[in-house]
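Peer 1: There's a structure below that I have some questions on.
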Amino acid sequence: MAAVMLFHTAGSPFAGGYLGVDIFFVLSGFLIAGILVDQWHRAAGIALTEFWLRRARRLAPALLLLLLTLAVARLAVAQTSTWQWRAELFAALTYTTNWFEIVSGADYFAAFGVQSPLLHTWSLAIEEQFYLLFAVALLFLLPRLRRRGLVLGLSTGVVLSAVWMAVQAGSDPVAAYYSTFTRIQALLVGAVLAVIVRSPGHLWWAPSSTLTRATTGWLASAILAGFVVVDVPMSVMFHGGFLTVAVVSALLIWSLLGPAGVTRVLSWRPLVLVGTVSYGVYLWHWPIFLWLGTQQEASIGLQIWAMVLTIAVAMVSYVAVERPIRQGRFSRLRPRAQWTVYAIGAAFVAGLALLPARVPSVDGELVWPAPSQVPARVFVGGDSTMFALGGHFPSSTYPDTTVGGPTAIGCGLVNMSYDYEGSPVTADQCFSWPDEWERERRDRNPDVAVIGSAVWDSFNRSIDGVAVPPGDPAFDEPFKQAFRRAIQIAGDEGRVPTYVLTIPCMNARIDQEILNDPERTRYLSALIGQAVAEEPNAHVIDLEALTCRPDGSAVVFRDGVLLRDDGVHWTQAGAREVWSLILEQIAADGVTDTSVGSLPSPSP
């Protein structure tokens, strides 16, 4: 947990600190498999309900306390996207955060800005999914396979998981990182070790000498330390790196086994204390670090304070909530009563998330056309910025207007590979957007279309392994053609008025020299203007005045109101500003002039 905490601080020398989660996966797989195998040998069976109830007593109370705290805090100071927060909280409640991150196109290493305080629950989700399915699988396999067969079967699962991670990495690195199927390899490595070393009532195949234990332990520790300190490329990690860390972690655990090894090591008092609150430390460190801003240019003193506060909160959680539930009278209640309490707690937290949050606005400065001037059916298409925009349409002002369309998170419009941190990325799952747009437009029969794509189309294109920037015809022509195609589809070949948003100024944290470059933003917006000028009944919505300061930096706050919660995607308040601009132009009786107004001419 120390490595994970240090990884989440500014200027951390532990570039691979995130691997602390993988080491914990291996340990967890080892402990859980050992418990289940021992229970099978003692009772010739596995009490699934009892096992799951013990896991719930260990994990659910602290998580519910965290979610309750965050839900209450959000109600008091919320300036984040309501739909996003609710989805994140429900995913954490149901232990499906990893799948939510995959669907929403999140990236653990390259979040745009203000990250979710629940992002770290993705690893808890994988753990819980493992607890649920692995116990059932063992119950089926143990009576049918001898030890060697079980080891072979679990090892096959390890290999398949590692191979699937390598395959996924090329087309969907987010899925490769978050998927249960790709990350289960570490848990299964721990399970393999448990099956190998456990037999009824005692350990076997443990190190036979102190020298063997010491050599293996120190060598494994050195290798893991190297992985934690060295910034190993993710391409290497996805292609065997995570598996190597898992196997070496298993060797470290194996080196601790022996007649006195386990007792001596695990009874060391500091380790016992750390282990006691480690779960709480992991739960609380991430939201506390985000709150205090330790990922930014924080002082050493602030970072130390964040760690001290995390440990203190974790200890309070353990003493006041976790220990009484695990060891007190609650643990002696009937299983049904315990499950009922957990369900009520989860329902209460979910109910808090459904309450409307305070949403600051700058509506006093906005101009809203009369409802009779706003179309009844609005088609919205584009990337995740359009997803946020469409989700925050001012429906209370225009209740008779329906808004919707294809907004693909993590996808742009240019169906080409792009360069990301020096590596080509081919998002094949994004390339089917023209067909999806055609279907949506036919089904919705819109009166007007609003489209845009700001993030992924701003990256350099990757052609034969070479990064091609704007200004090169190999970049410019596919870019303009993609926007022309989007206009043609959304506008039904000119029959539907189509409004195209330019690229807004951004305050992203990934590839800042690209996404936050005002010259690139203006150039790409001019290319969009050219594409619009070539299509009938298409019009530009220029976002420069709304989103850019005179020096080219992004407008994120206005009058203390947060407009983009990550420097890129619109909050409800920010979306209202954009919709005011869009609807005001639409209300001008449908602009027919396809000129690009004041947009500059592209110049590399």
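Peer 1: Answer yes or no as to whether ASP419 is among the acidic types (Asp, Glu), modelled with pLDDT under 95 and under 26 Å from TRP83 (Cα atoms). Give the steps one after another, and end with the answer.
Peer 2: On the way: among the acidic types (Asp, Glu): yes; modelled with pLDDT under 95: yes; under 26 Å from TRP83 (Cα atoms): no.
Spelling it out, it is not the case that ASP419 is among the acidic types (Asp, Glu), modelled with pLDDT under 95 and under 26 Å from TRP83 (Cα atoms).
Peer 1: Moving on. Scan THR571, THR592 and give me the residue that is at pLDDT 80 or above and of a type in the set (Ser, Thr, Tyr).
Peer 2: Numbers: THR592 fails: at pLDDT 80 or above.
Result of the check over THR571, THR592: THR571.
Peer 1: Applying the selection to the stretch 458-498, what residues are aromatic (Phe, Trp, Tyr), over 23 Å from GLY567 (Cα atoms) and out of contact with any Pro (no Cβ under 9 Å at 6 or more places or on another chain)?
Peer 2: First pass over the stretch 458-498, keeping only residues aromatic (Phe, Trp, Tyr): 459, 475, 479, 483.
Imposing the further condition that a residue be over 23 Å from GLY567 (Cα atoms) reduces the set to 475, 479, 483.
PHE483 - this is the single residue of the stretch 458-498 that is aromatic (Phe, Trp, Tyr), over 23 Å from GLY567 (Cα atoms) and out of contact with any Pro (no Cβ under 9 Å at 6 or more places or on another chain).
Peer 1: Filter the stretch 503-531 down to the residues that are under 27 Å from the mean Cα position of the chain (by Cα), farther than 18 Å from GLY412 by Cα and among the charged types (D, E, K, R), then identify the one that is modelled with the lowest pLDDT.
Peer 2: So, considering only residues that are under 27 Å from the mean Cα position of the chain (by Cα), farther than 18 Å from GLY412 by Cα and among the charged types (D, E, K, R), the one modelled with the lowest pLDDT is ARG509.
Peer 1: Evaluate the stretch 310-324: report whether one residue or more is of a type in the set (A, V, I, L, M) and closer than 30 Å to HIS569 by Cα. Break it down stepwise before answering.
Peer 2: Of the stretch 310-324, the ones of a type in the set (A, V, I, L, M) are 311-316, 319-321.
Subset that is closer than 30 Å to HIS569 by Cα: none.
Looking for residues that are of a type in the set (A, V, I, L, M) and closer than 30 Å to HIS569 by Cα, one finds none in the stretch 310-324, hence no.
Peer 1: Which members of the stretch 417-435 meet the condition of being charged (D, E, K, R) and either more than 14 Å from ILE487 (Cα to Cα) or crowded, with 17+ Cβ neighbours inside 10 Å (or both)? Show your work before the answer.
Peer 2: Looking only at the stretch 417-435, we keep the residues that are charged (D, E, K, R), and these are 419, 421, 428, 435.
Hits for the stretch 417-435 are ASP419, GLU421, ASP428.
Peer 1: Return the total of residues in the stretch 32-54 being in a helix (DSSP H, G or I) and either farther than 25 Å from TYR178 by Cβ or modelled with pLDDT under 90 (or both).
Peer 2: Step one: filter the stretch 32-54 for residues in a helix (DSSP H, G or I), giving 32-43, 48-54.
Keeping just the survivors that are either farther than 25 Å from TYR178 by Cβ or modelled with pLDDT under 90 (or both) gives 34-43, 48-51, 53-54.
Total meeting the criteria: 16.
Peer 1: If you don't mind, another one. Kindly indicate whether VAL568 is closer than 24 Å to TRP433 by Cβ, of a type in the set (A, V, I, L, M) and part of a strand (DSSP E or B). Explain how you work it out, then say what you get.
Peer 2: On the way: closer than 24 Å to TRP433 by Cβ: yes; of a type in the set (A, V, I, L, M): yes; part of a strand (DSSP E or B): no.
It is false that VAL568 is closer than 24 Å to TRP433 by Cβ, of a type in the set (A, V, I, L, M) and part of a strand (DSSP E or B).
Peer 1: Filtering the stretch 532-567 down to residues that are surrounded by fewer than 18 Cβ atoms within 10 Å (Cβ to Cβ) and small (Gly, Ala, Ser), which residue is modelled with the highest pLDDT?
Peer 2: ALA533
Peer 1: For the stretch 315-336, which positions are of a type in the set (A, V, I, L, M, F, W, C), within 12 Å of PRO61 (Cα to Cα) and surrounded by 15 or more Cβ atoms within 10 Å (Cβ to Cβ)?
Peer 2: Within the stretch 315-336, VAL321, ILE325 meet the criteria.
The values are calculated or read from the model by the stated rules, or taken from the named source; none is laboratory data. Owing to the predicted nature of the structure, the values given are computational and were not obtained by experimental measurement. Here the Cβ is made from the backbone with ideal geometry for all residues, glycine too, and neighbour counts use every protein chain on show.
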